[in-house]
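The values are calculated or read from the model by the stated rules, or taken from the named source; none is laboratory data. Remember, predicted model here, so these are calculated numbers, not experimental data. Reconstructed Cβ throughout: ideal geometry from the backbone, glycine too, with neighbour counts over all protein chains shown.
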Amino acid sequence: MRNIFREELGKNIRNLRHKKNITQETLSLEAHISRSHIAMLETGKRDITVSLLFQISRALNVNMREIFSFDDIEKYKFDVEKFYQ
C-alpha cells in the first residue's frame, strides 16, 4: 500500500507540474532538487520528506493541500491487526 501511495503522490506532482507547464529541469532548479530526484519522485521510486514536499509546493506555487489532493482515506486504509501478527 505504501508503494501505491508513493506512486499516486508522484503522479500528482507530475500532473501539477504539467498544469503549470513546467519541465522537470525547471522544477529542479526552482525547488533546489536534482532533476533525477524529481524524476524518481514522480515515478514513485523514491520516498520524499516533508521538507522536499514543501520545496516542491513552493516551486509549483501550490499549497500542500493540492500536493495531497489525490488522497482518499478509504482507498489507503490498512488493517492495524496485520502489524501485530
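For this structure, a couple of remarks:
- Here D72 does not qualify as part of a loop (DSSP other than H, G, I, E, B) and modelled with pLDDT of 90 or more.
- Just so you know, in region 1-40 the residues that are part of a helix (DSSP H, G or I) and among the basic types (K, R) include one that is surrounded by the fewest Cβ atoms within 10 Å (Cβ to Cβ), and it is R2.
- Close pairs from region 1-25: first more than 17 Å from R65 (Cβ to Cβ), partner among the hydroxyl-bearing types (S, T, Y), Cβ under 8 Å, at least 6 apart: M1/Y76; I4/Y76; E7/T43; G10/T43
- For region 10-48, the set of residues classified as modelled with pLDDT under 95 and closer than 19 Å to V62 by Cα consists of I48 only.
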